[in-house]
Ligand SMILES: [Zn+2]
Ligand SMILES: [Zn+2]
């Protein structure tokens, strides 16, 4: 945790406070939901920064007991909020951007969505399902395929230590990688960490075809 990062957050969110307990950094207090320069609403929060922050994602809890502990509200059974899925981090809070950017970006969106739902309106933007279904949805959109075998072939290459040009392309059209989707693979490997790819690959392998069935049953029209 850099002092500069702490000062930046405290200047923007004066009601959030940093506390260190057993070498773990917590950010606690009242999180202001801003709209057009004024405070729209507030949520009591606790962020637990990862030990490898900022490489790891913060763990977020809503501490006011205001949000029902339900998957539909993106509160997991361990009471933590699912603010973003690690695989999509590069879009929302790329590695190397500040904690303030996390607070004003994905975390702000998360609580804005909660406030919207509390008013009886639907979740205001895209959301992923949980578990294998959510992983499948994410990679279906990212890779533009519902073919689970193609998906896992891609994830194999994202999880691999190195990929070689003479390997078969994961799009499974029979060409070598270097003559086909090599640039797409390079780009994806830049964005999605091997660890995240490995985890998602394991999730999809365990779920198998059921990941598709669960998702197709709820596919948007
Ligand atoms: Zn969720
Ligand atoms: Zn290809």
Check your understanding: So is residue 73 more than 17 Å from residue 128 (Cα to Cα) and either outside the structural domain of residue 113 (by TED's automatic domain parsing) or surrounded by fewer than 19 Cβ atoms within 10 Å (Cβ to Cβ) (or both) or not?
Key -> no
Review point. For residue 25, are the conditions met, namely being in a strand (DSSP E or B), more than 16 Å from ligand 1 (Cβ to nearest atom) and surrounded by fewer than 16 Cβ atoms within 10 Å (Cβ to Cβ)?
Key: no
Check your understanding: Can you tell me which of 153, 159 is out of contact with any helix residue (DSSP H, G or I) (no Cβ under 7 Å at 6 or more places or on another chain) and surrounded by 13 or more Cβ atoms within 10 Å (Cβ to Cβ)?
Key -> 153
Check your understanding: Given 115, 81, which one is touching a strand residue (DSSP E or B) at 6+ places or on another chain (Cβ under 9 Å), within 12 Å of ligand 1 (Cβ to nearest atom) and closer than 15 Å to residue 45 by Cα?
Key -> 81
Review point. How do the pairs read when you match residues in segment 119-133 that are surrounded by 10 or more Cβ atoms within 10 Å (Cβ to Cβ) with residues anywhere that are assigned to a loop (DSSP other than H, G, I, E, B) and at pLDDT below 90, using Cβ under 9 Å and keeping only pairs 6 or more apart or on different chains?
Key: 129/218; 132/208; 133/218
Check your understanding: So which residues in segment 77-96 are within 18 Å of residue 196 (Cβ to Cβ) and either surrounded by 13 or more Cβ atoms within 10 Å (Cβ to Cβ) or within 16 Å of ligand 2 (Cβ to nearest atom) (or both)?
Key -> 80, 82, 83, 84, 85, 86, 87, 88, 89, 90, 92, 93
Check your understanding: Just checking, which of 104, 63 is within 24 Å of residue 37 (Cα to Cα), touching a strand residue (DSSP E or B) at 6+ places or on another chain (Cβ under 9 Å) and surrounded by fewer than 17 Cβ atoms within 10 Å (Cβ to Cβ)?
Key -> 104
Study note, to complete from the structure: Log entry, pairs with first residue in segment 158-182 being at pLDDT 95 or above, second being within 16 Å of ligand 1 (Cβ to nearest atom) and not in a helix (DSSP H, G or I), beta carbons closer than 9 Å, six or more apart or on different chains, reads none
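The values are calculated or read from the model by the stated rules, or taken from the named source; none is laboratory data. What you are looking at is a predicted structure, and each value in this text was computed from that prediction instead of being measured. Please note: Cβ atoms are built from the backbone with ideal geometry, for glycine as well, and neighbour counts cover all protein chains shown.
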